[in-house]
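The values are calculated or read from the model by the stated rules, or taken from the named source; none is laboratory data. Model, not experiment: these values are computed from the prediction. For neighbour counting, all protein chains shown are included, and Cβ atoms are generated from backbone atoms with ideal geometry for every residue, glycine included.
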Amino acid sequence: MGERKRRVLGLVALWGIVMGGLGSASCYGHTCDGDTQVYGRAPGEGQLVNPDTWQSSPIDGDWIPFTKQRIWFFEMDALGRLPATITPYISAERNPVRDGNWTIGSGNLAEQSGAGSGRVAIKNNTCADYYIRLVVTAAPRPSAPAPTADPADAAAPISDASTSDAGD
């Protein structure tokens, strides 16, 4: 085999190696492994907006990093009830009010699971990095029942003073 053919074959082999390496940089294998985090246990992580609504961060503040394949376990002890609505907002910017825009997360971008009393899990099941803001609302707590009359009060005798002068 001539020198020229060896060079051409070498270049073709090199091209194949480079293209094979570029083609494997995707979400296959372990190139997109994520992690698991808990949010809401430390002071300053989340807050009640009102007695029935919890948010992970203010809409005009910095949102939480939501990296590829990450699962956030949100602990909302202050809410303490089963969520009625779970709304994940997603942005490519840490502070989307100041720097960008946002959308409601759905599909693989914000998979929801594990809802329970004061908790929910949200997974970014993609290979892209985002930021998340979570708003959770629970049904209002039942109001306290109205006080009822004490049955002992109904059985109390009527005072003699109100009836003693009736015959005079």
Task: Filter result for the condition that a residue is hydroxyl-bearing (Ser, Thr, Tyr) and surrounded by 14 or more Cβ atoms within 10 Å (Cβ to Cβ), over Ser117, Ser57, Ser106, Ser113 - done: Ser57
- [ ] Can you tell me which residue among Trp72, Trp54 is under 15 Å from Ala110 (Cα atoms), modelled with pLDDT of 95 or more and among the hydrophobic types (A, V, I, L, M, F, W, C)?
- [x] Trp72
Open item on the list: Take the conditions in a loop (DSSP other than H, G, I, E, B) and either under 20 Å from Ala121 (Cβ atoms) or not aliphatic (A, V, I, L, M) (or both) and apply them to Arg81. Does it pass?
Closed with: yes
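Might you check whether a residue that is part of a loop (DSSP other than H, G, I, E, B), more than 14 Å from Val120 (Cβ to Cβ) and touching a strand residue (DSSP E or B) at 6+ places or on another chain (Cβ under 7 Å) occurs anywhere in region 48-58?
Taking every residue of region 48-58 in turn, at least one turns out to be part of a loop (DSSP other than H, G, I, E, B), more than 14 Å from Val120 (Cβ to Cβ) and touching a strand residue (DSSP E or B) at 6+ places or on another chain (Cβ under 7 Å).
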Task: Contacts under 6 angstrom Cβ, first residue in region 61-82 being touching a residue at least 40 places away in the same chain (Cβ under 8 Å), partner polar (S, T, N, Q) and surrounded by 17 or more Cβ atoms within 10 Å (Cβ to Cβ), 6 or more apart - done: Trp63/Ser57; Ile64/Ser56; Phe66/Asn124; Arg70/Asn124
Task: Lone unmet requirement of (1) within 19 Å of Gln55 (Cβ to Cβ); (2) surrounded by 12 or more Cβ atoms within 10 Å (Cβ to Cβ) for Ala139 - done: (2)
- [ ] Find the residue count for region 69-103, including only residues that are surrounded by fewer than 20 Cβ atoms within 10 Å (Cβ to Cβ), within 11 Å of the chain's Cα centre (by Cα) and farther than 19 Å from Leu48 by Cβ.
- [x] 1
Task: Inter-residue pairs, beta-carbon under 8 Å, first over 7 Å from Asp60 (Cα atoms) and in region 91-102, second of a type in the set (Ser, Thr, Tyr) and surrounded by fewer than 15 Cβ atoms within 10 Å (Cβ to Cβ), 6+ apart - done: Ser91/Thr103
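Out of the residues in region 6-47 that are outside any helix (DSSP H, G or I) and aromatic (Phe, Trp, Tyr), which is modelled with the highest pLDDT?
Checking each candidate, the answer is Tyr39.
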Open item on the list: Just to verify a result, which residue in region 127-156, among those that are modelled with pLDDT under 95 and of a type in the set (S, T, N, Q), is farthest from the chain's Cα centre (by Cα)?
Closed with: Thr148
